[in-house]
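Notes to accompany the following structure.
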């Protein structure tokens, strides 16, 4: 016996269409379908009350989820704005990475580094120390205005010998014009400016931009 294929074509009016470009069943679309279901039900065999309660509860759950999503999006936006404001407010303060060492490898020919001097320099010296605290190289400091100064080290010690691959601490001891003694170290600089890349804030410390995640402490400079 042959089986005949039957196509059941239903034409929907324009007023029944639900515009949903993302093909997501939101609460409005669900309510429209629910009301249509009620209108089209057989009066002699109405929808079961339990099913109506179940669908109503589902609608309530969808609305709660939508409200929660909206709340979370608003919270995320607010936190991002606060993060940006917090980053900008750090300009002018000291950003300290907490890292006081230069890493030297056998392939390096020289390294450059920055030091921040909070006072005008009368005299002093920059000291480069090995892990045992021994001074391997010194740079004399002449009279100079305070601020961030850049130094170039050819990776030789005070005797002119190439230092081995290792990590070296950098500090400076100096006297200001008023005769007071001061010290400074690698890794702490004024935050001169802030820029954002894909929503991530970067602070200008010395001659480099670093993400705020690499800054261990931010504080007011006490000159």
Condition check for residue 207: out of contact with any helix residue (DSSP H, G or I) (no Cβ under 6 Å at 6 or more places or on another chain), closer than 13 Å to residue 115 by Cα and modelled with pLDDT under 90: yes
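Taking the options 132, 198, 159, name whichever one is out of contact with any helix residue (DSSP H, G or I) (no Cβ under 7 Å at 6 or more places or on another chain), over 26 Å from residue 118 (Cβ atoms), surrounded by fewer than 16 Cβ atoms within 10 Å (Cβ to Cβ) and at pLDDT 95 or above. Even if it seems obvious, please write down each step before you answer.
Working: 132 fails: at pLDDT 95 or above; 198 fails: at pLDDT 95 or above.
So the residue among 132, 198, 159 that is out of contact with any helix residue (DSSP H, G or I) (no Cβ under 7 Å at 6 or more places or on another chain), over 26 Å from residue 118 (Cβ atoms), surrounded by fewer than 16 Cβ atoms within 10 Å (Cβ to Cβ) and at pLDDT 95 or above is 159.
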Count of the range 64-116 residues which are in a helix (DSSP H, G or I) and either modelled with pLDDT of 75 or more or exposed (fewer than 15 other Cβ atoms within 10 Å of the Cβ) (or both): 25
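The values are calculated or read from the model by the stated rules, or taken from the named source; none is laboratory data. Given the structure is predicted, the values throughout are model-derived calculations rather than measurements. Backbone-built Cβ (ideal geometry, glycine too); neighbour counts: all protein chains shown.
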